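Have a look at the structure below before the remarks.
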Amino acid sequence: MARFKLVLEYAGTRYSGWQIQKNARTVQGELRRVVSEVTKKSDFEIYGSGRTDAGVHALGQVAHLDVETRMAPEPLRLAVNDLLPADIHVLSLTRADPRFHARHDAVGRSYLYQISRRRTAFGKPYVWWIKDELSLPRMRAAARLFRGMNDFRSFTDQTVEDGSTKVLLQEVTIVDSGALIVIRVVGSHFLWKMVRRIVGVLAEVGRGDMRESEVKVLLTRKSRAPAALTAPPSGLFLERVFYGTDATEYPIVPLLGVTL
């Protein structure tokens, strides 16, 4: 049995998230179907670095694959890509240490969120179009409040019984890219719907309908307000998963050429 590390990109629009589900089409399910067809094996395992929800995309999802095969990594990658749907693509497939684990060994993750300032004929599955004018200075001031170790219990449906709701965020950056506002969030790990609710709150601040002082309160006591502001999945991308000494500083590149 060999262990491989895979890095994948996918458009999540047509899928019910990453993780295999009964009676639903998922990215992991498609990958498993194709690996079985290529290797002629049914007894193998695929583990992802984490889940992405329905409609959420990935630029660099990481998974590890345990399968018995004589195929070398690159021919295996090419064969898998030949059979995968066009909206899922394996960027790299390499042999991994048998102890490598895509989820347990990850030390951080980054997400990108794209807000469009205009209606777009081509980019709807990859942006959140907000008609209102947004104040970037107000949004950036609020974004600073999320950095560091905070309790994000108001930003998730996860309960304390499911695990700690405290998360360390190293970066919450907002970039003005013409018709796009791109938000990057980098952290140790993420709770269910956490990034989308952070974005929703920042958009509300940008509109002028929420004050910075109100954001501070959301990080100190339980509130249902962020749930009502949850940004749609269409604009969210799992950007990178970090291991060991991976560099965490790199340019923010908009993913869709929406121009004014």
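A few remarks follow.
- Relative contact order for the chain: 23 percent, from Cα pairs under 8 Å spaced at least 6 residues apart, divided by residue count.
- Per-residue Cβ neighbour counts within 10 Å put Met194, Met71, Met210, Met1 in the sequence Met1, Met71, Met210, Met194, beginning with the fewest.
- Asp87, Asp132 arranged by Cβ crowding within 10 Å, fewest neighbours leading: Asp132, Asp87
- Cα gyration tensor shape of region 48-200, rounded if a/c is under 1.5, else prolate or oblate by comparing a/b with b/c: oblate
- Mean Cβ count within 10 Å, highest first, over the residues of peptides 48-55, 92-99, 23-30: 48-55, 23-30, 92-99
- Of the residues Val56, Leu84, Ala24, the one whose Cα sits farthest towards the positive end of the charge dipole of region 2-95 is Ala24 (charges of +1 on Lys and Arg Cβ, -1 on Asp and Glu Cβ, taken about the Cα centre).
- By the helix-only formula, in which each DSSP H run with n ≥ 4 contributes -39500 (n - 2.57) and the sum is divided by residues, the chain has a 222 nm mean residue ellipticity of -7000 deg cm²/dmol.
- Between Glu171 and Arg118, the simple label model (points 7 Å from Cα in the Cβ direction) yields a spacing of 2.8 nm.
- Top positive-direction residue, dipole computed over the chain with Cβ charges, set Ala225, Leu6, Val195: Ala225
- Sorted fewest first by neighbouring Cβ atoms within 10 angstrom, Ile130, Ile198 come out as Ile130, Ile198.
- The modelled label-to-label distance between Ala2 and Arg70, using points 7 Å beyond Cα along the C-beta direction, is 1.2 nm.
Only the coordinates and a few stated rules stand behind these numbers; no lab work does. If you're wondering where the values come from, they're calculated on a predicted model, not measured in any experiment. Methodologically, a virtual Cβ is constructed for each residue, glycine included, from the backbone with ideal geometry; neighbour enumeration extends over all protein chains shown.
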